[in-house]
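Right, one structure below, let's go through it.
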Amino acid sequence: MKKIGILTGGGDCPGLNAVIRAVVRKSIHYNWEIIGIKNGWKGLIQGEMELLTDYSVSGILPKGGTIIGTSRTNPFKNEEDTKKLLDNIKKFELESIIAIGGDDTLGVALRLHNMNVPIVGIPKTIDNDLSCTDYTFGFDTAVSIATEAIDRLHSTAESHHRVIVVEVMGRHTGWIATFAGIASGADEIIIPEKPYDLDDVCSNLKARCDRGKTFSIVVVSEGAKSSNHLVVKSDKKDEFGHERLGGIGNILGKEIEQKLGFETRVVVLGHILRGGTPTAYDRILATRFGVAAVELVKEQNFGKMVALKGNKIVSVNLEEAVSKSKTVDMDLYKIAEVFFDRSKQKHVEAF
């Protein structure tokens, strides 16, 4: 009987439990044991494990979060942690590991693969910014939640004749902002891939006002910027060197109100996008990823990540998957721009 370890790392995400369930149920067909590694790489360092059975995964398909916990832990931050991790792989007799996560988690998986640890990756991020896969599970749920929220904000913005700035997640890329913005009819979408010009944004909003539209919705990714500086909540960095982002919405809201005189409110959706039950699409994609990962283990095809290409599940090299972020297709963003009210006036004076 093979013993396979499974872990979830980084931020939580709708669909994680669907993956875990699929891995366990598929492994049972091969008479394998699946060992849940608690709280990501932290659990492998500390030796926190639990056997996952058919009973363990019963009923978890629609649940958000992850039943085995997660953390942002970098086992290569110091040599002692790295040694503990490798020792525990031997101690618990793990013949391979299935790592579910984003670029940081899979970056660790790649380093372990290069150290001859049998490992397979599954892409997970609501930001949809992992290379080599068309979509990651969790993204569809996040977009659906953001779209519903913006739909609701339309009515209050219109009633009070306000500009509402909606800040959504997206550290390096603006996939959530772009998809949710298009789906909800946002009047301006601001993403990290395209530094914004305040004059252009205000020109758009004033043009709407001039033609009788007394309210506007602006969607902005947390990683958007007008210069080369990200807006951060804290200078404290996580174990992978990332600062905690947040606050661009409030800055942008104040700038719009000061420049145009429009009453402006700011809504930060934040972790709401991560929580709750996954959509049907994410449940299915996560399930397909889980089954495909087990097949890679069976074939001993390690150092790979499962991915979605078109409608097919394929495998790609981990090295390629984490080599760079997948940025928003600017052709798609141009579709969004069709609905922005760009006036001929380049600069708008405050009034």
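Along the charge dipole of segment 1-120, pointing to its positive end and built from +1/-1 on Cβ of Lys, Arg, Asp and Glu, which listed residue (Ile67, Ser27, Trp41) has its Cα farthest out?
Of Ile67, Ser27, Trp41, it is Ser27.
Per DSSP H run of at least 4 residues, take -39500 (n - 2.57); add these up for the chain, divide by its residues and hand me the 222 nm value, nearest 500 deg cm²/dmol. Please list the in-between numbers first.
Working: 11 runs with 133 residues, N = 351.
Using -39500 (n - 2.57) per qualifying helix, the result is -12000 deg cm²/dmol.
Can you give the alpha-carbon Rg of segment 1-135 over 2.2 N^0.38 Å, where N counts its residues? Kindly include the intermediate steps, with their values, before the conclusion.
Values: Rg = 13.9 Å, N = 135, 2.2 N^0.38 = 14.2 Å.
My calculation over the Cα atoms of segment 1-135 gives 0.98.
Could you work out, for segment 146-229, what percent of all Cα-Cα pairs fall into each 5 Å distance bin, beginning at 0 Å and stopping at the bin that holds the largest distance?
In whole percents, the pair-distance histogram is 3, 16, 26, 24, 19, 9, 2, 0.
Please report the spacing between the Cα centers of segment 116-192 and segment 1-60 in Å, no decimals.
Between the Cα centre of segment 116-192 and that of segment 1-60, the gap is 28 Å.
Under a plain spin-label model, where a point goes 7 Å from the Cα along Cα-to-Cβ, how far apart in nm are Phe339 and Lys3?
Here the answer is 5.4 nm between the modelled labels.
What nm value, rounded to one decimal, do you get for the distance between Lys312 and Glu48 when each label is placed 7 Å out toward the C-beta?
4.1 nm
Hey, what did segment 57-159 get for relative contact order, percent, Cα under 8 Å, at least 6 apart? Don't skip to the answer; put the middle values down first.
Details: 72 pairs, mean separation 16.4, N = 103.
Once normalised by length, the contact order is 16 percent.
Here is the link list: Lys42/Lys63; Lys206/Lys259; Lys26/Lys298; Lys194/Lys324. Which ones come out longer than 19 Å on Cα distance?
Details: Lys42/Lys63 23 Å; Lys206/Lys259 10 Å; Lys26/Lys298 11 Å; Lys194/Lys324 17 Å.
Violating the 19 Å Cα-Cα cut-off are Lys42/Lys63.
In the set (i) 67, 51, 38; (ii) 68, 60, 42; (iii) 73, 39, 29, which value of Cα extents along the principal axes in Å was calculated from the structure you see?
Computed from these coordinates, Cα extents along the principal axes in Å corresponds to label (iii).
Rank His154, His271, His29 by mean-square fluctuation in a GNM of the chain with C-alpha springs under 10 angstrom and give only the top-ranked residue.
Per the Cα network of the chain with a 10 Å cutoff, His29 tops the list.
Taking the beta-carbon count within 10 Å as an exposure proxy, list Cys13, Cys132 from fewest neighbours to most.
By the 10 Å Cβ count, ascending: Cys132, Cys13.
Where does helix 280-298 land angle-wise versus the long Cα axis of the chain, in degrees 0 to 90, nearest 10?
The angle comes out near 30 degrees.
Sorted by packing (mean other beta-carbon atoms within 10 Å per residue), highest first, where do 192-200, 68-76, 178-186 land? Spell out each step's value before the answer.
Details: 192-200: 16.6, 68-76: 20.3, 178-186: 22.6.
Result, highest mean Cβ count within 10 Å first: 178-186, 68-76, 192-200.
Under 14 Å from the Cα of Lys254, which aspartates and glutamates turn up, not counting those fewer than eight places away in the same chain?
Here the aspartates and glutamates satisfying the reach criterion relative to Lys254 are Glu167, Asp199, Glu263.
Show me the chymotrypsin sites (Phe, Trp or Tyr not before Pro) within segment 85-139 that DSSP assigns to loop and that have at most 15 other Cβ atoms within 10 Å of their Cβ. Please list the in-between numbers first.
On the way: sites: Phe92, Tyr135, Phe137, Phe139; in loops: Phe92, Tyr135.
Listed in order of number, the matching sites are Phe92.
Can you list, largest first and rounded to whole Å, the semi-axes you get for segment 1-65 by taking the square root of 5 times each eigenvalue of its Cα gyration tensor? Intermediate results must be reported in sequence, preceding the final value.
Values: eigenvalues 64, 55, 14 Å².
Taking √(5λ) for each Cα gyration eigenvalue gives 18, 17, 8 Å.
Coordinate-derived values only; no laboratory data. Note that this is a predicted model, so its numbers are computed, not measured. Neighbour counts run over all protein chains shown; Cβ positions are idealised from the backbone, glycine included.
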